[in-house]
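Below is one structure, written out as structure tokens, with a few remarks after it.
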Amino acid sequence: KLLKGTGLRIGGFMGSQTPPGGFKHCDLAICTIERANSLINRLLEEKALKDLGIVVVDELHLLGDPSRGYLLELLLTKLLYMQKREELKVQIIGMSATLPNLKLLSTWLRAELYTTDFRPVPLSECVKIGKIMYNNKLEKVQEIFSPIVVEGDSDDVVFLCLDTVVRGHSVLVFCPTKAWCEKLAGNIAQEFWKLSKPEMREGNDDIATLANNLLSCIDNTRTTESLEHLKNCPAGLDNVLSRTIRYGVAFHHAGLTFDERDIIEGSFRNGAIKVLVATSTLSSGVNLPARRVIIRSPIFGKSVMDSLAYRQMIGRAGRQGLDTEGEKYIIIMTEIEEDNRGQLLRIKVTKSTIQNRNCRLGLDWPGL
């Protein structure tokens, strides 16, 4: 859409998809890491790398990804080698919002380094322990007082979601497991349903105000459309989603089909879904911005989440052009030992492991 009318030929290379005519008929190729590496190999074999002008690597921090990072490293290493050997003039641009070891990587890429802390949309980071909110300097900000009592929700996740929705915004909740996502989505939808009942609003002005604001924010027409689209999927309508979406709540994880995920993502973007409970896979590669991001637990896979995943998750909050601010909350269970809280509150960006990859091409490869 951005380049419409320029006459440029743009093609996508992903999975088994290849544009008509292949790379030779493209001015701009959008590729996955795997397909980009394959294209570079073919250009090397055909001695046609000179036809390449620029390589832009978005999400350069994927160099440290345990499953795909080595392919990106191989791709860049081949380009660097050919630049030196053949005096190849291919510009490499790498971009990331969560990249560690900037100087090391810029040296390896023989690149100029540009960094900035500017964020067009301000992001507030808070840690919740019990009923107390702390900022990223570990200073007490506020205490949570919820007008509703939710059984089994001692950490006030339902209220934090409700508080966001009634102000007309959306919220992303990240959970460690698929089962946790489905259960939490069901619990949130159940509480929204309870608030919609007339008897819940009688005799309590605070709850009545919350309920009325909630009902005004849920678009019944769009939720009905989302349910119809899901019913038409080959997999049919999931039992949990059939109960949650009508109240503006859904879950998202790898157990859903591609069609289901596509419908849910579209419904979140158009406002039909206000609360989306997801696993960490949603934090990268999918542009689903929200006003508030809640990390349900810092423990992912029996250990404290890595800093890259953390930064990717909070990066969903407050996106330019879509919101004026972003909010991030990480929930720490009150039973976590006092000695461990400091570690959880101060999640640091980890160092790149690229210099330790003895079995891969990289910084220690002769000639680079």
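Counted by Cβ distance under 15 Å from residue 163, the other residues give a net charge of -1, where Lys and Arg count +1 and Asp and Glu count -1.
From the Cα gyration tensor of region 217-257, with a ≥ b ≥ c the square roots of its eigenvalues, which class applies: rounded if a/c is under 1.5, or else prolate if a/b is larger than b/c, or else oblate? Mind showing how you got there, number by number?
Details: a/c = 2.30, a/b = 1.44, b/c = 1.59.
Cα axes put region 217-257 in the oblate bin.
Determine which residues of region 79-104 fall in the zone a paramagnetic label at residue 48 would reach in this model, i.e. backbone nitrogen under 16 Å from the point 7 Å along Cα→Cβ. Output list for this probe position: empty.
The largest accessible area among 14, 333, 313 belongs to the first residue in 14, 333, 313, and the rest follow in falling order (1.4 Å probe, all chains).
Using a 1.4 angstrom probe with every protein chain in place, what is the largest-first accessible-area order of 182, 87? Provide the component values of the computation, followed by the final result.
Working: 182 60, 87 150 Å².
Order by accessible area, largest first: 87, 182.
Rounded, prolate or oblate: pick one for the chain, where a ≥ b ≥ c are the square roots of the eigenvalues of its C-alpha gyration tensor, a/c under 1.5 means rounded, and failing that, prolate if a/b is larger than b/c, else oblate. It is prolate, given that a/c is not under 1.5 and a/b is the larger ratio.
On the chain, 50 percent of the accessible area sits on carbon and sulfur atoms, based on a 1.4 Å probe.
Here region 137-209 and region 30-59 have alpha carbon centers that stand 48 Å from each other. Excluding ligands, DNA and RNA, the accessible surface per residue across the chain is 55 Å² with a 1.4 Å probe.
Simple spin-label estimate for residue 18 and residue 143 gives 6.6 nm between the two label positions (7 Å along the Cα-to-Cβ direction from each Cα). Taking Lys and Arg as +1 and Asp and Glu as -1, the other residues whose beta-carbon sits under 13 Å from that of residue 48 total 0.
Between residue 85 and residue 30, what length in nm is gained on full extension when 0.36 nm per residue of separation is reduced by their alpha carbon distance? Intermediate results must be reported in sequence, preceding the final value.
Details: separation 55, 0.36 × 55 = 19.80 nm, distance 2.66 nm.
Length gained, residue 85 through residue 30: 17.1 nm.
For a straight C-alpha distance cut-off of 18 angstrom, the aspartates and glutamates reachable from residue 178 (same-chain residues fewer than eight places away being disregarded) are 238, 259, 260, 262, 265. Rounded to the nearest 5, the antiparallel percentage of DSSP beta bridges internal to region 51-207 is 60%. Total lysine pairs in region 35-136 at Cα distances under 23 Å, for residues eight or more apart or on different chains: 10. May I ask which of 4/24; 183/328; 1/231; 137/328 have a Cα-Cα span longer than 25 Å here? Pairs exceeding 25 Å: 1/231. For the chain, the longest principal axis of the alpha carbon atoms and the long axis of helix 258-269 meet at an angle near 70°. Note on the chain: antiparallel DSSP beta bridges, both residues inside, total approximately 25 percent of the bridges counted.
Could you compute the FRET efficiency for residue 3 and residue 95, with r as their C-beta to C-beta distance and R0 at 22 Å, rounded to 0.05?
0.75
Taking all protein chains together, 68, 292, 9 sort by accessible area into 9, 68, 292, largest first [probe 1.4 Å]. Secondary-structure-derived ellipticity at 222 nm for the chain, considering helices only, amounts to -10500 deg cm²/dmol, per-run term -39500 (n - 2.57) for DSSP H runs with n ≥ 4.
Cα-based radius of gyration for region 41-107, normalised by 2.2 N^0.38 Å, reads 1.16. Using a simple spin-label model with pseudo-atoms 7 Å out from Cα toward Cβ, residue 209 and residue 111 lie 5.0 nm apart.
The values are calculated or read from the model by the stated rules, or taken from the named source; none is laboratory data. Only a predicted model underlies this, so the values are computations on that prediction, with no experimental measurement involved. Methodologically, a virtual Cβ is constructed for each residue, glycine included, from the backbone with ideal geometry; neighbour enumeration extends over all protein chains shown. For the accessible areas, the whole protein counts, side chains as well, though only heavy atoms, and no ligand, DNA or RNA atoms are used. Shrake-Rupley method; radii C 1.70, N 1.55, O 1.52, S 1.80 Å.
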